[in-house]
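S.K.: Attaching a single structure in structure tokens format; questions to follow.
The values are calculated or read from the model by the stated rules, or taken from the named source; none is laboratory data. Owing to the predicted nature of the structure, the values given are computational and were not obtained by experimental measurement. Cβ sites come from the backbone with ideal geometry, for glycine too, and all protein chains shown count toward neighbours.
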Amino acid sequence: MTKENNKSMERTLRRIVLGDQVPKSGYVLLLILYIIANFMVQVVVRNQGEFVVLGRVVPYSNFAGVFTSLSSICLMLIVVLYRKLGYITSMLILCLYQFPELLISFFLGGNINAVAGFFSNIFTAIVITIIYQMYRKNAKFQQRIHYQAVTDRLTELPNRFAVGELVERLINKQERFIMFSIDINNFKGINDTMGHGFGDQVLREIANRWKSLADSGKTETSDFVARLGGDEFAIIIRDYKNSEQVKSTVLTYKAELERVITIEECDYFMTANFGYAEYPTDALTPDALISGANAAMHSARTLGNNGVLRFDPDLAGNAKFLEIERKIRRALENDRITFHLQPQYDINHRLRGFEALARMRDKDGNLISPGDFIPVAEKTGLVDQIDSCVFDQAVKFLGDVMNETLSSITMSCNVSVRHLMKNNFIEEVRSTLDKYGVPPQCIEIEITESIMIDSTDKALNTITELKDMGIKIAIDDFGTGYSSLSYLNSLPSDILKIDKSFIDVMNDSESSKQYVAMIVSIGHIMNLKVISEGVESEDQVDTLKEIDCDFIQGFIWGRPMPAEEAMKLVLEEMG
């Protein structure tokens, strides 16, 4: 890489901070206008002629002031638009041309009108000096604020906002480039075992290595390294000749990461998954490009080989998938993940509690269907973050209810397989309950039977810990997945939830009714309470009473509702 390309990171970030420069053609145009205006001053001053306007005789010399003002305006605009260059240019014009010409005209030519021009130019010099000094003062402050806005505090790398700005600029210029989305493997384990201080030092070391590599020129491409947040980084690569050079560049970053990191005499061996997408081959818009790189990274992580994977439309399904993923990420960043509560009743219509259901709003505040965003969240690995948001809000609501009414209703929360398997899941649950002063006995965790297929031993250990805390366990959607009496018998659960699909057809035939009755009986034999989901009609309620179902959840007695309405419902039940 040439010497001029070194320090590309700082140069690129500076462009983002300062914004786009005004075209130099405007500078030349303003100088030409100034020359023309100044020339016209000389023309009209020397012209003794007159012309008639609306019946009045006007001497040409009267327009000298107009062209003088126009020339002054040109100099001021040069300073405003071109800052230091414009100020130097304007002062040189005034000092080396305007003032000498006026002095010569006055002392040698005896032109008394030169006095007015002299003081007019002094006024212009004062004004452009004030403009320039104000610009310098404001520019330093604005640059400092903007620099902070585009820089990650921990690593001092550019941040997510800077990446978005750069991607948008490059696309507007139609410049070919590649964006890599990078996820550091097992980083949470460092935070959990060694503390966040150690984790921060690891992130800073990774950032320093990659920034030094980007500025060194060793890759022979123009590289822009950023930290997106947490253990996620991005690298934007430009000025590459072919795919082999791109491969060489990313493998260089990969090798730099995988060199042993030693902090306080502890050695860490870090790896990462790299996903990338190219403009304009793989995507034509900033959001599509970023989502494509993220989709490739998540697929690389799923493969589990610490590899590098290019975006392929088959990885994400279709454009709608990428759009929803983008909305999920922005909702998580901007606290637009919320929840609704659907009431659960006993068979005699007494309130048992609520199930917390994830909801998401777009930037305009409109709700996005859970049927659209939950499957995408599961495939992209974002579902555990949604779980955490909903769990925190639901437990807070329950704490508010208990403070307001002293009642002990049950709050049921869904937990994905991915979330349950996290090493710090138990600590997260315990910490949230402590934060809002909610006893574990009032919490119910809903899991699906598939958990037992994914990791039986770890699932059992985690569920057992939850049970030991006093939390109830509900098996959701029973009968729709990996239904097995052996699994059911081995799970330390409390509640069996019958899926809505069985309730919908329960009264269509005697065999369908007996199937639901059998599930209820199995639950009771195993000392489990049974909840029927999706109950929507009175005849379904009557059948469930007949077969001794314990609890009912469905539109017939209560639709999902915002927290405010749920609080009113609790107060009404207590009254």
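S.K.: Of the residues 230, 197, which single one is touching a strand residue (DSSP E or B) at 6+ places or on another chain (Cβ under 9 Å) and modelled with pLDDT under 90?
M.R.: Working: 197 fails: touching a strand residue (DSSP E or B) at 6+ places or on another chain (Cβ under 9 Å).
230 is the lone residue from the list that is touching a strand residue (DSSP E or B) at 6+ places or on another chain (Cβ under 9 Å) and modelled with pLDDT under 90.
For every residue, the table says whether it meets (1) in contact with a helix residue (DSSP H, G or I) (Cβ under 7 Å, 6 or more places away or on another chain); (2) part of a strand (DSSP E or B).
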position	(1), (2)
249	no, no
276	yes, yes
299	yes, no
309	yes, yes
323	no, no
330	no, no
355	no, yes
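S.K.: Condition first: crowded, with 16+ Cβ neighbours inside 10 Å, of a type in the set (D, E, K, R) and in a loop (DSSP other than H, G, I, E, B). Now tell me which residues in region 145-199 satisfy that.
M.R.: Hit for region 145-199 is 152, nothing else.
S.K.: Same structure, new question: Within region 252-284, work out how many residues are farther than 27 Å from residue 150 by Cβ, of a type in the set (Asp, Glu) and surrounded by 12 or more Cβ atoms within 10 Å (Cβ to Cβ).
M.R.: The number of residues fulfilling the criteria is 1.
S.K.: Output the number of residues of region 355-375 satisfying the condition of being buried (at least 21 other Cβ atoms within 10 Å of the Cβ) and within 13 Å of residue 329 (Cβ to Cβ).
M.R.: Result for region 355-375: 2.
S.K.: What number goes with the only condition from (1) assigned to a helix (DSSP H, G or I); (2) touching a strand residue (DSSP E or B) at 6+ places or on another chain (Cβ under 9 Å) that residue 435 does not pass?
M.R.: (2)
S.K.: Another one. All but one of (1) under 22 Å from residue 495 (Cβ atoms); (2) free of Cβ contacts under 8 Å to residues at least 24 places away in the same chain hold for residue 458, so report the exception by its number.
M.R.: In the conditions (1) under 22 Å from residue 495 (Cβ atoms); (2) free of Cβ contacts under 8 Å to residues at least 24 places away in the same chain, residue 458 misses (2) alone.
S.K.: Does region 227-251 hold any residues that are surrounded by 17 or more Cβ atoms within 10 Å (Cβ to Cβ) and touching a Lys or Arg at 6+ places or on another chain (Cβ under 7 Å), and which are they?
M.R.: 228, 233
S.K.: Give the residues of region 319-346 that are within 30 Å of residue 542 (Cβ to Cβ) and surrounded by fewer than 16 Cβ atoms within 10 Å (Cβ to Cβ), sorted by residue number.
M.R.: The one that is within 30 Å of residue 542 (Cβ to Cβ) and surrounded by fewer than 16 Cβ atoms within 10 Å (Cβ to Cβ): 346.
S.K.: Picking from 426, 386, which residue would you name as being surrounded by fewer than 19 Cβ atoms within 10 Å (Cβ to Cβ) and assigned to a helix (DSSP H, G or I)?
M.R.: Of the residues listed, the single one that is surrounded by fewer than 19 Cβ atoms within 10 Å (Cβ to Cβ) and assigned to a helix (DSSP H, G or I) is 426.
S.K.: So for region 206-226 (the condition being part of a helix (DSSP H, G or I), modelled with pLDDT of 85 or more and farther than 30 Å from residue 173 by Cα), does at least one residue qualify?
M.R.: So far as region 206-226 goes, yes, one or more of its residues are part of a helix (DSSP H, G or I), modelled with pLDDT of 85 or more and farther than 30 Å from residue 173 by Cα.
S.K.: With the condition kept exactly as written, say whether any residue in region 476-483 is modelled with pLDDT of 80 or more and either surrounded by 14 or more Cβ atoms within 10 Å (Cβ to Cβ) or more than 24 Å from residue 370 (Cβ to Cβ) (or both).
M.R.: Checked region 476-483: at least one residue is modelled with pLDDT of 80 or more and either surrounded by 14 or more Cβ atoms within 10 Å (Cβ to Cβ) or more than 24 Å from residue 370 (Cβ to Cβ) (or both).
S.K.: Residue 58: surrounded by 11 or more Cβ atoms within 10 Å (Cβ to Cβ), in the same structural domain as residue 88 (by TED's automatic domain parsing) and in a strand (DSSP E or B), yes or no?
M.R.: So residue 58 passes the test.
S.K.: To continue, here is another question. Any residue in region 153-166 that's touching a residue at least 24 places away in the same chain (Cβ under 8 Å): show its pairings with residues that are part of a loop (DSSP other than H, G, I, E, B) and surrounded by fewer than 18 Cβ atoms within 10 Å (Cβ to Cβ) at Cβ separation under 9 Å, as long as the two are six or more apart or on different chains.
M.R.: Close Cβ pairs (under 9 Å, with a partner that is part of a loop (DSSP other than H, G, I, E, B) and surrounded by fewer than 18 Cβ atoms within 10 Å (Cβ to Cβ)) amount to 159/153.
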